[in-house]
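**Q** To start, I am sharing the structure in question, which I have written as structure tokens.
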């Protein structure tokens, strides 16, 4: 089990890890060894996550989430499979932690009388400047 926070833990069986060849550091090894990791996690089918977390995770993941609800994370910065695997899992855990935090509910407030007065005064001055710039039609025009 991978512990995300005190309420959420993911079963490692829900993760699918594929190892592929990676560009980047590794010298001659880069052409021979599959060190990059592609982690797949089916968010829709996961029994580990509450529904509200799934929805927030889908929004956070953006293009990394397929239409089928599968989250795909690539890790290819490290030189070994194990380091890349750990990096991918760490990124998944961090994403789920962010999704688990409930966003603060915005309380509507009203602008103060002074801020409304300042706003209208600024608009009046701006309009006056524009009015003065207009082309003047008259005897000289």
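**Q** Kindly establish whether residue 99 is at pLDDT 80 or above, part of a helix (DSSP H, G or I) and touching a helix residue (DSSP H, G or I) at 6+ places or on another chain (Cβ under 7 Å).
**A** Yes, satisfied.
**Q** Take residue 91 and tell me if it is in contact with a strand residue (DSSP E or B) (Cβ under 8 Å, 6 or more places away or on another chain) and modelled with pLDDT of 85 or more. Write out each step before concluding.
**A** On the way: in contact with a strand residue (DSSP E or B) (Cβ under 8 Å, 6 or more places away or on another chain): yes; modelled with pLDDT of 85 or more: yes.
Yes; evaluated as a whole, the condition is true for this residue.
The values are calculated or read from the model by the stated rules, or taken from the named source; none is laboratory data. These numbers were taken from a predicted model, which means no experiment stands behind them. Please note: Cβ atoms are built from the backbone with ideal geometry, for glycine as well, and neighbour counts cover all protein chains shown.
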